[in-house]
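Inspection log for the structure reproduced underneath, given as structure tokens.
The values are calculated or read from the model by the stated rules, or taken from the named source; none is laboratory data. The shown structure was predicted, so the numbers you read here are calculated from the model rather than taken from an experiment. Ideal geometry is used to build each Cβ from the backbone, glycine not excepted, and the neighbour counts take in all protein chains shown.
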Amino acid sequence: MARTLEELSQTEISELINKRISIFTPDDLASKLKGELEKTGRYEAIVVGGGKIGMVTVRDLLGVELLEQTKLVKLWKSQWQTPVTSDSWVQGVATELVRINARALPVVEDMKPVGIISQVDIVAAMADCNDLKKTPAKDLAKMAPVTLEVGAKVAEARKLMLDRGISHVPITKEGKLAGIVTAADLVQFFSQGVGKRKTGDLPGEKVTKYPGVVDGIMDKHPFTVSTNASALDVARGLRDQEKSAAVLIDENEGVLGILTPKELLTLIAEPPTEEEMPISIIGLANEEFLARSLAEEKIRKVITLGMKIHPHINDVQVVIKKSDKGGDNERYEMTARALSPTEQFQTSNAGYDLVKTFDGLMSSLEKEFKEAKHEASKVPRRGRGR
């Protein structure tokens with residue numbers, strides 16, 4: 001394998017692909033996929049149906065309360081702007097993974113899936129590139145990550161991940177790192193329930209009612225790095241310890257930052273030719289919009305206006321849920337979230353007309369940006385959601 005980042009960037013991904021894949025259909029249940037992910041130790045799986053190839057990850061399962069009653073058609077992401085094939089270069093794939101904020105992509109040959117290429121697969125190869133020593137880990141870390149205390153409820157960790165769009169929450173005890181909770185930990189916990197009960201055993205049961213604190217499910221031996229660690233230390237630690245994140249700590253074991261494979265991928269991905277806001281639309285089947293790009297265009301217009309007031313917005317997510325009441329009148333519940341390093345904006349809307357409800361959501365988000373500016377004039381230097 002390549003010994004430098006430059007060599008690796010121009011290497012075909014054929015040697016990195018995981019070809020031991022399980023293929024699901026959109027009609028398969030989320031519980032079936034979860035069981036397969038636990039058995040294989042993977043975080044993602046391929047879904048094929050209706051002439052489309054997509055994926056579902058552990059992170060997608062986090063928002064599902066009834067795995068035994070939820071079909072994958074509601075969860076899978078099945079539209080890729082850049083096809084990935086075995087002869088694709090590592091740099092191109094890394095660039096796409098960072099651009100669309102995806103954990104993994106299906107590898108396709110002759111319109112058939114032949115494997116998966118993930119952030120983890122690329123970072124494992126980066127662990128052999130000694131020139132990563134030149135980059136301090138602290139320069140890549142997401143600084144001041146959100147944390148929870150050991151006594152926090154498990155349901156609180158889940159809500160935090162869903163609200164912030166994250167998959168890792170460091171757990172502290174009296175200001176020191178005590179462990180870390182991941183999306184995979186939560187998916188396993190919520191699907192098992194308490195005792196012999198499982199999610200879905202009781203009609204209308206909500207996972208937020210489940211007892212338990214994060215101390216009972218967290219990884220008590222997280223992978224940690226100090227402020228003098230290099231990116232190479234992080235890449236090798238993630239690979240050798242088979243962890244999904246590294247926690248940056250100070251000399252007193254206080255949490256300073258967190259590094260996931262995505263942060264490392266920015267070292268090998270092509271720099272964006274122009275600033276483009278990452279936009280994620282979750283829960284909307286492709287066929288439900290006349291043009292999915294139209295929805296993204298509407299979001300970008302609102303965000304462009306919002307950035308005139310809040311210039312540091314760097315991530316946008318829209319989550320759309322459709323009721324299962326049956327009949328012709330489907331109800332849509334939507335949430336839009338925009339994030340910056342210091343602010344969080346969130347708004348919701350619901351209705352029976354998809355387009356009208358979406359437009360109302362965008363109007364509400366635009367209003368949030370304007371109201372936040374007004375509030376900021378009263379309380380200087382404080383962002384919403386802090």
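Looking only at region 8-60, residues that are free of Cβ contacts under 8 Å to residues at least 12 places away in the same chain and either buried (at least 19 other Cβ atoms within 10 Å of the Cβ) or charged (D, E, K, R) (or both) come to 2 in all.
Every listed requirement among (1) hydrophobic (A, V, I, L, M, F, W, C); (2) surrounded by fewer than 16 Cβ atoms within 10 Å (Cβ to Cβ); (3) in contact with a helix residue (DSSP H, G or I) (Cβ under 9 Å, 6 or more places away or on another chain) is met by residue 5 save one, (2).
When each of 340, 348, 364, 377 is tested for being surrounded by 12 or more Cβ atoms within 10 Å (Cβ to Cβ) and modelled with pLDDT under 85, the lone residue that passes is 340.
Every residue, every condition in (1) more than 19 Å from residue 250 (Cα to Cα); (2) of a type outside the set (Lys, Arg), yes or no:
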residue: 147; (1), (2): no, yes
residue: 153; (1), (2): yes, no
residue: 157; (1), (2): yes, yes
residue: 160; (1), (2): yes, yes
residue: 166; (1), (2): yes, yes
residue: 169; (1), (2): no, yes
residue: 174; (1), (2): no, yes
residue: 178; (1), (2): no, yes
residue: 183; (1), (2): yes, yes
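Of all the residues in region 147-164, those that are among the hydrophobic types (A, V, I, L, M, F, W, C) and either in a helix (DSSP H, G or I) or under 15 Å from residue 236 (Cβ atoms) (or both) number 6. Criterion applied to 270, 276 was being of a type in the set (Asp, Glu), exposed (fewer than 15 other Cβ atoms within 10 Å of the Cβ) and at pLDDT 75 or above, and the one residue passing it is 270. Could you check, for region 91-101, whether at least one of its residues is part of a loop (DSSP other than H, G, I, E, B), surrounded by 15 or more Cβ atoms within 10 Å (Cβ to Cβ) and in the same structural domain as residue 235 (by TED's automatic domain parsing)? No: region 91-101 contains no residue that is part of a loop (DSSP other than H, G, I, E, B), surrounded by 15 or more Cβ atoms within 10 Å (Cβ to Cβ) and in the same structural domain as residue 235 (by TED's automatic domain parsing). Does region 82-89 contain any residue that is closer than 20 Å to residue 259 by Cα and modelled with pLDDT of 90 or more? No. Cβ separations smaller than 6 Å between residues 6+ apart or across chains give the following pairs from region 136-160 residues that are buried (at least 18 other Cβ atoms within 10 Å of the Cβ) to residues that are modelled with pLDDT of 90 or more and part of a loop (DSSP other than H, G, I, E, B): 137/229; 138/227.
Only one of the numbered conditions (1) buried (at least 22 other Cβ atoms within 10 Å of the Cβ); (2) outside the structural domain of residue 238 (by TED's automatic domain parsing); (3) among the hydrophobic types (A, V, I, L, M, F, W, C) is violated by residue 114, and that is (1). For region 105-124, the count of residues that are assigned to a strand (DSSP E or B) and among the hydroxyl-bearing types (Ser, Thr, Tyr) is at least one.
Pick from 206, 196, 176: which is at pLDDT 80 or above and surrounded by fewer than 16 Cβ atoms within 10 Å (Cβ to Cβ)? Full working, then the answer.
Numbers: 206 fails: at pLDDT 80 or above; 196 fails: at pLDDT 80 or above.
Going through 206, 196, 176 in turn, just one is at pLDDT 80 or above and surrounded by fewer than 16 Cβ atoms within 10 Å (Cβ to Cβ): 176.
Of all residues in region 129-146, those satisfying the criterion of being part of a loop (DSSP other than H, G, I, E, B) and modelled with pLDDT of 95 or more are 129, 135.
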